[in-house]
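The values are calculated or read from the model by the stated rules, or taken from the named source; none is laboratory data. Being a predicted model, the structure only gives us computed values, none of them experimental. Here the Cβ positions follow ideal geometry from the backbone for every residue, glycine too, while neighbour counts run over all protein chains shown. We work out accessible area using only protein heavy atoms, side chains counted, and drop any ligands, DNA or RNA first. Shrake-Rupley method; radii C 1.70, N 1.55, O 1.52, S 1.80 Å.
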Amino acid sequence: MITESRQATAGDARIAYARHGRGDPLVFVHAFPFDQTMWQPQVEALRDDYTVITVDLPGFGGSAPLGDASMAGFAVAVGAALDAEGLREPAIFVGLSMGGYVLFEIWRQMPGRVRALVLADTRAQADTDEGRANRYRTAEQVRAEGAQVVADAMLAKMVTQEADSALRDKVRAMMRAAPPEGIVGALHAMAARPDSTPDLEEISVPVLVIVGAQDAITTPRDAEAMVEAIAGAQLEVIQHAAHLSNVERPGAFNAALRRFIEDLDPINRQGWPNRPELPSA
Ligand code: MLT
């Protein structure tokens, strides 16, 4: 259960987030069209050993929508939550799918905040023209018919055919709970997101790429392409999982995460907090 709910402000927008546990910081950024509750299996598994921060991106969960949603605005919202917590040490960021798109933006905007990146079921490339047109069409449908348009269309790709009905119902309910305004904003933001492929070779922190073996949205091939382009990146393929690998196979996902985190060098607090990218205290 996400219990420790807090609020920050980014510009005029109210950002909801939660903080659990204590220890080195781990920041989780959710997929589309979900909210921070999708990280419940990770919060429960990691809160005894780490400070776990989960954020509702603008327009989802308890966070207000942005007037003009963008990946850059979403990254600012995550930064605002960390500022509100006074978090001055570099964090491990975990983003799944759209959350991964936000992580690329966090890396571009505030690299000094980043200790390591976990890019789960995501991809670096921008949308194709066809993909973009599809998003605009879906946004219009959501405006007319509501969140279930997206939930019904995406469910089959979120979890594998092996998933039982309880898991399917849970994932569908999470998607149906998304506010239509948030869905429309995120669809436009994803359509307009830049290609992050050129950034991959610039990433100089440890990276773990995770992908569900049956992910048909951001495929194992997309994951391999990121691993090939990022120096030293590691790959974990989660068997019997589709796109929402952290929810479908939390045991394997959490084990991969822990192995990666436990192998990281300790936080280098030398020179911290005077690094130029950081907001002032
Ligand atoms: C997500 O899971 O965040 C979305 O499927 C990403 C996308 O549509 O590109």
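Key figures
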{"read-out": "Loop-located GluC sites (Glu not before Pro) in region 138-212, at most 15 other Cβ atoms within 10 Å (DSSP)", "value": "GLU162, GLU201, GLU202"}
{"read-out": "Probe 1.4 Å, all protein chains present, accessible-area order of ASP68, ASP121, largest first", "value": "ASP68, ASP121"}
{"read-out": "Cut-off 10 Å between beta-carbons: net charge of the residues surrounding TYR50, Lys and Arg +1, Asp and Glu -1", "value": "0"}
{"read-out": "Value of relative contact order over the chain, rounded to a whole percent, pairs C-alpha under 8 Å and six or more apart", "value": "19"}
{"read-out": "Reciprocal of mean inverse Cα separation for the chain (Kirkwood radius, Å)", "value": "18.6"}
{"read-out": "The chain - share of DSSP beta bridges that are antiparallel (%, nearest 5)", "value": "30"}
{"read-out": "For PRO180, net neighbour charge (Lys/Arg +1, Asp/Glu -1) across residues whose Cβ lies under 13 Å away", "value": "-1"}
{"read-out": "Net +/- balance of residues flanking GLY11 in space, Cβ distance below 15 Å, scoring K and R +1, D and E -1", "value": "-2"}
{"read-out": "Per-pair calculated FRET efficiency, R0 = 25 Å: ASP24 and ALA84 via Cβ, rounded to 0.05", "value": "0.85"}
{"read-out": "Residue-by-residue Karplus 3J(HN,Hα) for region 246-256, coefficients 6.51, -1.76, 1.60, Hz, glycine and proline x", "value": "5, 8, 6, 10, x, x, 5, 5, 5, 5, 4"}
{"read-out": "Residue-averaged [θ]222 nm for the chain, counting only DSSP H segments that reach four residues, each worth -39500 (n - 2.57)", "value": "-12500 deg cm²/dmol"}
